[in-house]
Amino acid sequence: MGRTGAEPQRWDATSPARSGDAVLSVERLRTYFDTPAGVVKAVDDVSFSLNRGDILAIVGESGSGKSVTAQSIMKLVAMPPGRYASGQVVLDGIDLLSQSERALGAIRGKRISMIFQNPRAALNPAFTVSTLMVETLRRHDSSLSRAEAVKRAAALLRAVDFPDPERVAASYPHQMSGGMCQRVGVALSMACEPEVLIADEPTTALDVLVQATILLLLKRAHAERGLSIILITHDFGVLRALATRVIVMYAGQIQEQGRVDDVLANPQHPYTKALIQAVPDPDSTDQRLHQIEGQPPDLLNLPAGCSFADRCAFVMPKCRSERPELYEAAAGTDVRCHLFGPEASAHQ
Amino acid sequence: MLRFIIWRLIHVVPVLLGVSFVVFSILYLIPGDIATTLLSMFYTEERAAMLREQLGLDRPMFVQYGRWLWAALHGDLGQSLMMRMPVMTVLLDKTGNSLILTGASLLIVIPVSFLMGTASAARFRKPFDRFTVFFSLLLASMPVFWLGIALLYLFGVRIPLFPMSGMYNMANPGGILDLLHHLFLPAVTTAATSVAIVTRVTRGAMLDTLSQPYILAARSRGLPGSRVIYRHGVRNILPTFSNMIGLQIGYLFGSAIFSEIIFNWPGIGLQLYQSILHRDLTMVQGCVLAVAIIFVLGNMLADIIVYALDTTRK
Ligand SMILES: Nc1ncnc2c1ncn2[C@@H]1O[C@H](COP(=O)(O)OP(=O)(O)OP(=O)(O)O)[C@@H](O)[C@H]1O
Ligand SMILES: [Mg+2]
């Protein structure tokens, strides 16, 4: 579909068709790092699927494996030290992890693309914006002439609300603000009109006002193009505003997954409860920030039982010895916690 | 750009002045009567008196330095006592030969270390990378004179592929091919340590670059690995690399002194060595000054190249 260029664009939250079929599914993904100190299980048995036209959020503390999950999906994890111990990532019927680098080159950027947490660091300091955009456009459309690509780049930059695309195109990353860099990042990720976008904390490094503009751009692409998005975030406000489904990660595993409304209103897993409490509620008079007691476990030496057991307020003897599976806790919500296990009724 | 070059040129002046003063003082650090030392076996009362007059040894040191510097700026570095001709004449001749040797070893260092450094980083922990790390460690731990003698023995004596000494075939001096033939072993010897050092630094810089987010981002846009490494990666190590090469110019000049002595290459190193042996102090002065000037100018050149390559300052 064509870009509308300079015209102001509107989005309509109700427009994307939610047909329920998965555009991307991740099955039993395990990404390990072989380090001198041992095997780091950064992603350990993660399965989920992203429906077409959906926005799926992944939340979790720092180090919980969100970025590694994102990079694993595009098979971008450096090997070594990384290694895919098991799993499948299926994009529209293609198993990405079994593809050759060559085949992946045609898929990355074209059908699935990514936005990064540190916008300036994600742009090569040696090249102008124009160089990067032209290179990306021509990588996936060899019939495109350089002049056409330059034009196209200007249109893409205008679509991320740069009033002066030519000037931005001629800029080096260090000449732009963080927010400008991230808008360029969005333009780059949209250059070849992918079906799926992975946004890895796209606003964490930006100030609040700029955050809103970036989120608006994502929302616009979602609404206009039916772009499916995996949105990694720390921010429950972002989650509430954008996402329809949410995955809560901890120590490389999914602890809870479900619809955003359900999970936020009625968190089931003790970790999710603690996490939501850790965020000050703008509506309440109690603005104290709750900290979750204790430290996340060492990924080199994961406990035999539940990885959250040491910090959990509801810990039971079983939690220390036996690793919980994902159990259905409520309609549409899965939780990795013994409280919801098959024998849980005995304890409750 | 032009402003930077001019600025950099201006900065060279005090450095060269300092160098010239140190070189000048060589004469005065030697114990005893300078005229006697300088003349050594050619000593006669008459000559000594003339030399004292010529050097102005009765004047204060700074006046002497001023006079020496003034003469040096006019191309007069005195007479070589051993060779009985102006030091400058000898220097011009020998510096050219040394530059040929240094230039040749630079032409080895640049492509070899660049290719090995970047290619091994791209193959991190794979066999080629491990080989490179091992090989550069091996090279770096071989002293220049040892390697020179070993190469001389292997490829000059045991398998006589290359001539053992000089720049041209004495009996039948040929053209450029003859020169290259004579150049090979000394150039390899001179280059060895620098190849090792620059390869390792290049590999390190490249590994660092390849771990940057913009490399991951380039891959996420579907760019093929070769383009990511050799365009996105390499572009960012060029300043480091050229800086490194610039520093090596001086280092190569130092290594060349050893190679020149071993392979009897008629350059400034060999001249310096012989002048020291013969206590030809004005010649020693001249050689040291020449080496220092080339070192300083080499660094300046490297700075200018680094500046030209650094986009963040444009
Ligand atoms: N190359 C690597 N070698 C070893 N361990 C790694 C490597 N990359 C990531 N890890 C480990 O994987 C774990 C998960 O990292 P990841 O970057 O996915 O966290 P995250 O959830 O994105 O955190 P953040 O919110 O800080 O971005 C971390 O404990 C990290 O130490
Ligand atoms: Mg992260």
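Miscellaneous remarks
- Span-like helix criteria (full DSSP H runs; alpha carbon extent of at least 24 Å along the helix axis; mean Kyte-Doolittle hydropathy of at least -0.5) are satisfied in chain A by A:208-225.
- Total charge dipole magnitude, segment B:24-104, about the Cα centre, Cβ charges on Lys, Arg, Asp, Glu only, Debye to nearest 20: 160 debye
- Candidates B:Ile237, B:Ile110, B:Ile276, ranked by Gaussian network fluctuation over chain B, Cα under 10 Å, top entry: B:Ile276
- Relative contact order %, chain A, counting alpha carbon pairs below 8 Å whose residues are six or more apart: 20 percent
- Summed buried accessible area for A+B [probe radius 1.4 Å, Å², rounded to 100]: 2200 Å²
- Net charge, A:Thr204 excluded, C-beta distance under 14 Å - Lys, Arg +1, Asp, Glu -1: -3
- At a probe radius of 1.4 angstrom, the accessible area of segment A:119-193 per residue rounds to 38 square angstrom.
- Beta bridges by DSSP in the protein assembly as shown, antiparallel share as percent, to the nearest 5: 65 percent
- Each Lys or Arg adds one and each Asp or Glu takes one away; over the other residues whose Cβ falls under 11 Å from the Cβ of A:Leu227, this sums to 0.
- Given charges at beta-carbon only (K, R positive; D, E negative), |dipole| of chain A in Debye: 940 debye
- Whether segment A:119-193 is rounded, prolate or oblate, judged on the alpha carbon gyration tensor where a/c under 1.5 counts as rounded: prolate
- Taking each DSSP H run with n ≥ 4 as -39500 (n - 2.57) and averaging over every residue of chain A yields -8500 deg cm²/dmol at 222 nm.
- For chain A, the antiparallel share of DSSP beta bridges with both residues in that region comes to about 65%.
- Considering only B:Gly222, B:Gly156, B:Gly250, the mean-square fluctuation computed in a Gaussian network model of chain B, springs between alpha carbons under 10 angstrom, is largest for B:Gly222.
- Counting Cβ atoms of other protein chains within 10 Å of each Cβ in B:208-218 and taking the mean gives 6.
- Computed over segment B:2-73, the P(r) curve from all C-alpha pair distances, binned at 10 Å from the origin, holds 17, 39, 25, 11, 7, 1 percent per bin.
- Within straight-line cross-link reach of B:Lys126, lysines at Cα separation under 28 Å, skipping those fewer than 8 residues along the same chain: A:Lys41, A:Lys75
- CD proxy at 222 nm, helix term only [per DSSP H run n ≥ 4: -39500 (n - 2.57); per residue of chain B; nearest 500]: -24500 deg cm²/dmol
- Computed over protein heavy atoms with a 1.4 Å probe, the carbon and sulfur contribution to the accessible area of segment B:2-73 reaches 72%.
- Heavy-atom accessible area per residue - segment B:2-73, 1.4 Å, Å²: 67 Å²
- Whole-number accessible area per residue in Å² for segment B:87-313, which is evaluated in the context of all protein chains at 1.4 Å: 44 Å²
- Neighbour-limited loop hits for trypsin sites (Lys or Arg not before Pro), segment B:226-294 (at most 16 other Cβ within 10 Å; DSSP other than H, G, I, E, B): B:Arg279
- Average beta carbon contacts from partner chains per residue of A:124-130, 10 Å cutoff: 6
- In the assembled protein chains, B:His278 presents an accessible area of approximately 100 Å² (probe radius 1.4 Å).
- Counting every C-alpha pair in chain A, the share spaced more than 39 angstrom apart comes to 17%.
- Largest first, the residues B:Phe128, B:Phe263 sort by 1.4 Å accessible area into B:Phe128, B:Phe263.
- Largest to smallest principal axis extent of the C-alpha atoms in the protein assembly as shown, angstrom: 116, 59, 55
- For chain A, a Gaussian network of Cα nodes joined below 10 Å ranks A:Gly294, A:Gly252, A:Gly82 by mean-square fluctuation, and the top entry is A:Gly294.
- Accessible-area rank, largest first, for A:Asp235, B:Asp129, B:Asp58: B:Asp58, A:Asp235, B:Asp129, with all protein chains present and a 1.4 angstrom probe.
- Protection proxy ranking for B:189-195, B:101-107, A:91-97, using the average of other Cβ atoms within 10 Å per residue and placing the highest first: B:189-195, B:101-107, A:91-97.
- Relative contact order computed over chain B (Cα-Cα under 8 Å; 6+ residues apart), in percent: 27 percent
- Positive end of the dipole of segment B:87-313 (Cβ unit charges, origin at the Cα centre): among B:Val133, B:Pro186, B:Gln274, the Cα lying farthest that way belongs to B:Val133.
- Accessible surface of A:Val134, taken over heavy atoms with a 1.4 Å probe and every protein chain present, rounds to 10 Å².
- Radius 11 Å from Cβ of A:Arg83, net charge of other residues (Lys, Arg +1; Asp, Glu -1): +1
- Dipole magnitude of chain B about its Cα centre (Cβ charges: Lys, Arg +1; Asp, Glu -1), debye to nearest 20: 1780 debye
- Shielding by partners - mean other protein chain Cβ count within 10 Å, residues of B:227-236: 3
The values are calculated or read from the model by the stated rules, or taken from the named source; none is laboratory data. The model shown is predicted, which means the values in this text are computed figures rather than measured ones. Glycine gets a Cβ as well: all are built from the backbone with ideal geometry, and neighbour counts include every protein chain shown. Note: areas computed on protein heavy atoms with side chains; ligands, DNA, RNA excluded. Shrake-Rupley method; radii C 1.70, N 1.55, O 1.52, S 1.80 Å.
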